[in-house]
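Trainee: Pasting in a structure now, in structure tokens, and then I'll have a few things to ask.
The values are calculated or read from the model by the stated rules, or taken from the named source; none is laboratory data. Note that the structure is a prediction, hence the values are computed from the model and not measured. Reconstructed Cβ throughout: ideal geometry from the backbone, glycine too, with neighbour counts over all protein chains shown.
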């Protein structure tokens, strides 16, 4: 006779944790397949930053680059390419949060999330699958955008350790922003409006040090630009890849990522629990 065991609140913590991990992997596989079936979202995540890169470098780069401190006006375009690349990568990572928001909203409106609630699946795992799947999509987009940057002349000077540290910072921010994107998608009323809130994240690099130095901004905007989450992230990538001073930016970026991840997780889980009792 076969005995079937089910989870119980009194079950050992290690068993519950193993089920959460297994369920998260299952949900991750589902969301990776979702990415393949809906390539339009992936194309948007990659295509938007590439258009911005080419536009700012080849249209505005000569003028903006000549205005950078210590830059020879004759080499303004090349200097601006090096300066703007971290901001473009930040925009790419932020774009993956829009994908998370849209896919969550699709599951919510199509009743798939409601079906998951009736199954023996960890609630955290259902959302974690969206986070991990879209974070991976964001990292793939970063690699492709960086490849385009290298093709048009971006020449980072960082060593192997710097590249590893850069990958870690980008992965951490992608994870954090996608938790926030999941919460925004659950908050949205429809799939059509799910991408509205994450647009704020996409444009925040423009209001930081991603495209122009914060010192060139008006005083009232300068304070916000210096202390918002994307500026230390951008300066961390810039410092690691190009050798500019870090001044603790990696620690500030890590701190912001932790705050964003915790806030996004708490917000999304609260929405999940609230909508589960309806």
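Trainee: For the range 153-164, give me the residue count where each residue is in contact (Cβ under 8 Å) with a residue 24 or more places away in the chain and surrounded by fewer than 16 Cβ atoms within 10 Å (Cβ to Cβ).
Mentor: Qualifying residue count for the region: 4.
Trainee: Return the residues of the range 213-229 that are touching a residue at least 24 places away in the same chain (Cβ under 8 Å) and closer than 17 Å to residue 203 by Cβ; say none if nothing qualifies.
Mentor: 228, 229
Trainee: Do we find a residue being within 19 Å of the chain's Cα centre (by Cα) and free of Cβ contacts under 8 Å to residues at least 12 places away in the same chain anywhere in the range 170-192?
Mentor: no
Trainee: Looking only at the range 64-84, count every residue that is at pLDDT 85 or above and more than 19 Å from residue 156 (Cβ to Cβ) and tell me the total.
Mentor: To start, the set of residues in the range 64-84 that are at pLDDT 85 or above comprises 64-65, 77-84.
From what's left, more than 19 Å from residue 156 (Cβ to Cβ): 64.
The total comes to 1.
Trainee: Tell me, which helices (runs of 4 or more DSSP H) wholly within the range 165-278 include 3 or more residues that are out of contact with any helix residue (DSSP H, G or I) (no Cβ under 6 Å at 6 or more places or on another chain), at pLDDT below 95 and surrounded by fewer than 22 Cβ atoms within 10 Å (Cβ to Cβ)?
Mentor: 199-203, 219-227, 249-276
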